[in-house]
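As structure tokens, the structure follows; a few thoughts come after it.
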Amino acid sequence: MKLPAFSELILFEDEDYVVLNKPPFLATLDERFGGAQNILRLAREHYDDIQACHRLDKETSGALALAKNPAAYRHLAMQFENREVKKVYHAVSWGVHEYEGLRVDRSIETTTKGKARLAYKGKPAVTLVRTLETFARHTLLECMPITGRMHQIRLHLMYLQAPIVGDTVYGGEDFYLSSLKKKFNMKQGEEEQPFIKRFALHAAQLTFAQLNGEPVTIQAPYSKDFRVLVDTLRQYK
């Protein structure tokens with residue numbers, strides 16, 4: 001995977017914070033195995049003391065905030081802890097659903113293998129879900145997590161029986177264009193590939209208070225694979 005230049009990822013920057021549009025397939029922090037490139041390592045080539053204020057799953061694209069100094073890090077970390085940061089995600093789910101500010105309140109616990117599950121004895125988890133657009137067999141959803149549990153949106157959408165396209169861990173199947181396109185022809189000997197090679201989840205917007213107390217809202221344009229998926233589904237309403 002060829003990475004774009006770091007400067008091309010920057011959505012917002014001031015003296016304290018940098019907000020990046022994280023590409024899919026790039027981890028936020030060092031992973032347990034191997035020395036694969038990640039966002040924090042890339043950022044430290046440009047800023048000495050930078051720290052990630054939160055994480056996005058490796059496959060999730062979109063707005064990710066980093067702090068350039070310890071005071072800025074503490075300031076934003078406290079906002080995340082106090083649930084004062086507004087996060088808006090877009091997801092492409094299986095099925096046609098009409099939600100208008102639906103509140104999903106289902107506790108989550110992490111399991112030993114880097115996964116999570118819904119559990120009555122887990123930690124409280126709340127997500128607000130709203131339909132943005134419906135297609136022939138899919139829905140573009142807006143998801144606002146009030147809490148920040150591991151894999152929260154993915155689990156809550158699975159609970160709604162609206163699993164995310166490509167999220168084979170939590171009930172979502174891969175999407176193949178042949179399932180919508182009647183005259184879909186492959187070259188002989190070729191096998192059809194999933195239309196998007198990850199789960200279709202994008203961190204579209206982030207709102208937090210800067211060190212001076214001023215709120216800032218950053219929008220993250222869709223990554224190419226997510227944009228092409230939505231544009232293609234629009235052709236089959």
Within the stretch 42-93, restricting to residues that are more than 30 Å from R234 (Cβ to Cβ), charged (D, E, K, R) and in contact (Cβ under 8 Å) with a residue 12 or more places away in the chain, the one that is surrounded by the fewest Cβ atoms within 10 Å (Cβ to Cβ) is E45
Any residue that is modelled with pLDDT of 90 or more and surrounded by fewer than 20 Cβ atoms within 10 Å (Cβ to Cβ) - is there at least one of those in the stretch 33-40? yes
Taking the stretch 138-165 and keeping only residues that are without any contact (Cβ under 8 Å) to a residue 60 or more places away in the chain and part of a loop (DSSP other than H, G, I, E, B), one is left with R149, M150
For the stretch 116-170 the number of residues that are charged (D, E, K, R), within 24 Å of P194 (Cβ to Cβ) and out of contact with any helix residue (DSSP H, G or I) (no Cβ under 9 Å at 6 or more places or on another chain) is 1
Restricted to the stretch 109-144 and to residues being more than 20 Å from G172 (Cα to Cα) and small (G, A, S), the residue surrounded by the fewest Cβ atoms within 10 Å (Cβ to Cβ) is G122
A careful count of residues in the stretch 171-208 that are of a type in the set (K, R), surrounded by 12 or more Cβ atoms within 10 Å (Cβ to Cβ) and over 19 Å from the mean Cα position of the chain (by Cα) gives 1
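The values are calculated or read from the model by the stated rules, or taken from the named source; none is laboratory data. The structure presented is a predicted model; accordingly, all values stated were derived computationally and were not measured. Ideal geometry is used to build each Cβ from the backbone, glycine not excepted, and the neighbour counts take in all protein chains shown.
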